[in-house]
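Asker: One structure is given below, represented as C-alpha cells, and several questions about it will come after.
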Amino acid sequence: MQIISSINALSIALKNHTNIGLVPTMGNLHAGHIHLVNLAKQHANCVVVSIFVNPLQFGANEDLANYPRTLEADCEKLKAAGCDIVFTPTVSEMYPQMTQSAADIQLNQSMTIEPPAIANDLCGASRPDHFAGVATVVAKLFNIVQPQTAFFGKKDFQQLFIIRELVKQLNYPIQIIAGETVREASGLALSSRNSYLSDAQKQQAVQLNQALRAIAKAIQVQNFEFDSLENTAKIKLTADGWQIDYVTVRSALSLLPATQSDRHLVILAAAKIGNTRLIDNIELNLSM
C-alpha cells in the first residue's frame, strides 16, 4: 500500500491504472468506511482512499479543530483491508491559493460548486454552505484521481443524493456506488462522531434509529399520515432529552416531502444528544 500526499505523485502512481475506485473520507475510519473499501475492491483494480478533513464544509461554529485525526491507525486499517493507495493531501495541496496567518487560514476558494436547492434543506438548513463545500472538494478529488467508480455510504443520504446530481449534471464519467449503512448490534449507525459520545450517551443514541423504525413500521401497515408520524417521533425524542433538527419522511428519488403516491421513501432524522449531532435514515420500498 502506498501513502501519497501530493497530487503530482498520485498522478504518477495512477498513470497505468484504468479501473480506479475512489473512497473519499475525512479519516477516523470505522467499519462503515472499511465496508466501502471492500465494496470498491469488488468493482476496481486499484482502490484509492482519500483522507482529508475538508475545511470548506465546516461552518464557523463547527468542530473542524476538534475533528478526530487518526492517520496512523487509519492507514493500518486500510492496509489490512487491501487498499492500494491512501491519498493524504494537506490543506495547501487541495487549496493552493490559501493564505495562513497566526490567527487563521483563508482558503480563498472563490470558485465553488453550487449544489441543487435541496442542499438548503434537511442538514443544509442548519449548516449553510456545507454541501457547497462537500460538492467542491468531491469535484476536486474526482478531477485529481479520475476514478471510474466512487463509493459513498447511504448513512449520509442527502450527501449521496447531491453527489449523484453532481455527477449527472456535470457529466462526470463516474459510476457512484452506494454502500449500506453499517450499524452496531444495537442499531446505532457507525459514525466518526460517535467517538464524542459518553458511554451513557452511546446507549441512549440508539433511540434515534428506534424512532425511525417506529415510523417505518407504521407506514408499512398503511399509515400515511406522515406529519403525525413525524411529530410523534419528535415529541418522544424531545422528552428523552434530544435536540431535534429534523425528523421527516421524504421521497427517496427527489428528497422532497413524501406524498401517498410515492413508493420509494426515505425516513431521515438529525438530532443532538448532548453536543453531538447524529444523523440516520431508513429507506422503504413500498413496491416490493
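The values are calculated or read from the model by the stated rules, or taken from the named source; none is laboratory data. Remember, predicted model here, so these are calculated numbers, not experimental data. Neighbour counts run over all protein chains shown; Cβ positions are idealised from the backbone, glycine included.
Asker: Output the residues belonging to segment 152-195 that are small (Gly, Ala, Ser) and over 19 Å from LYS272 (Cα atoms).
Answerer: Going residue by residue through segment 152-195, those that are small (Gly, Ala, Ser) are 153, 178-179, 185-187, 189, 191-192, 195.
Of everything in segment 152-195, those that are small (Gly, Ala, Ser) and over 19 Å from LYS272 (Cα atoms) turn out to be GLY153, ALA178, GLY179, ALA185.
Asker: Next question, about the same structure. Quick check on segment 233-241. Is at least one of its residues crowded, with 17+ Cβ neighbours inside 10 Å, of a type outside the set (Phe, Trp, Tyr) and in contact (Cβ under 8 Å) with a residue 40 or more places away in the chain?
Answerer: No, that holds for no residue.
Asker: ILE12 fails exactly one of the following numbered conditions: (1) in contact with a strand residue (DSSP E or B) (Cβ under 6 Å, 6 or more places away or on another chain); (2) over 17 Å from ILE176 (Cα atoms). What is the number of that condition?
Answerer: That leaves (1) as the condition not met.
Asker: I'd like the full set of residues that are free of Cβ contacts under 8 Å to residues at least 24 places away in the same chain and of a type in the set (Ser, Thr, Tyr), limited to segment 81-105. Give the steps one after another, and end with the answer.
Answerer: Applying the first criterion (free of Cβ contacts under 8 Å to residues at least 24 places away in the same chain) to segment 81-105 yields 92, 96-104.
SER92, THR99, SER101, listed by residue number.
Asker: Something else about it: Checking ALA60 against (1) small (Gly, Ala, Ser); (2) under 22 Å from the mean Cα position of the chain (by Cα); (3) more than 27 Å from LEU170 (Cα to Cα); (4) assigned to a helix (DSSP H, G or I), which test does it fail?
Answerer: Exception for ALA60: condition (4).
Asker: Taking PRO89 as the residue in question, decide whether it is at negative phi, under 18 Å from the mean Cα position of the chain (by Cα) and either at pLDDT below 95 or not β-branched (Val, Ile, Thr) (or both). Step through it out loud before you land on a result.
Answerer: Details: at negative phi: yes; under 18 Å from the mean Cα position of the chain (by Cα): no; either at pLDDT below 95 or not β-branched (Val, Ile, Thr) (or both): yes.
Judged against the criteria, PRO89 is not a match.
Asker: Still on this structure: State yes or no: is ARG69 surrounded by 14 or more Cβ atoms within 10 Å (Cβ to Cβ) and among the basic types (Lys, Arg)?
Answerer: no
Asker: Right, something else. Taking into account only those residues within segment 242-285 that are surrounded by fewer than 21 Cβ atoms within 10 Å (Cβ to Cβ) and among the hydroxyl-bearing types (Ser, Thr, Tyr), which is nearest to ALA200 (Cα to Cα)?
Answerer: The qualifying residue nearest to ALA200 (Cα to Cα) is THR276.
Asker: Let me ask you something else. Looking for whichever is without any contact (Cβ under 8 Å) to a residue 60 or more places away in the chain and on the phi > 0 side of the Ramachandran plot here; the options are ASN108, ASN66. Which one fits?
Answerer: From the options ASN108, ASN66, the qualifying one is ASN108.
Asker: Just checking, which of VAL53, VAL47, VAL23 is over 15 Å from the mean Cα position of the chain (by Cα) and within 21 Å of LEU160 (Cα to Cα)?
Answerer: VAL47
Asker: Among the residues of segment 105-141, which ones are modelled with pLDDT of 95 or more and touching a strand residue (DSSP E or B) at 6+ places or on another chain (Cβ under 7 Å)?
Answerer: If the condition is that a residue be modelled with pLDDT of 95 or more and touching a strand residue (DSSP E or B) at 6+ places or on another chain (Cβ under 7 Å), then LEU122, CYS123, VAL138, LEU141 are the ones that fit.
Asker: For segment 107-116, state whether one or more residues are charged (D, E, K, R) and over 30 Å from ARG250 (Cα atoms).
Answerer: No, segment 107-116 contains no residue that is charged (D, E, K, R) and over 30 Å from ARG250 (Cα atoms).
Asker: Taking ALA218, is it surrounded by 12 or more Cβ atoms within 10 Å (Cβ to Cβ), over 20 Å from HIS30 (Cβ atoms) and in contact with a helix residue (DSSP H, G or I) (Cβ under 7 Å, 6 or more places away or on another chain)?
Answerer: yes
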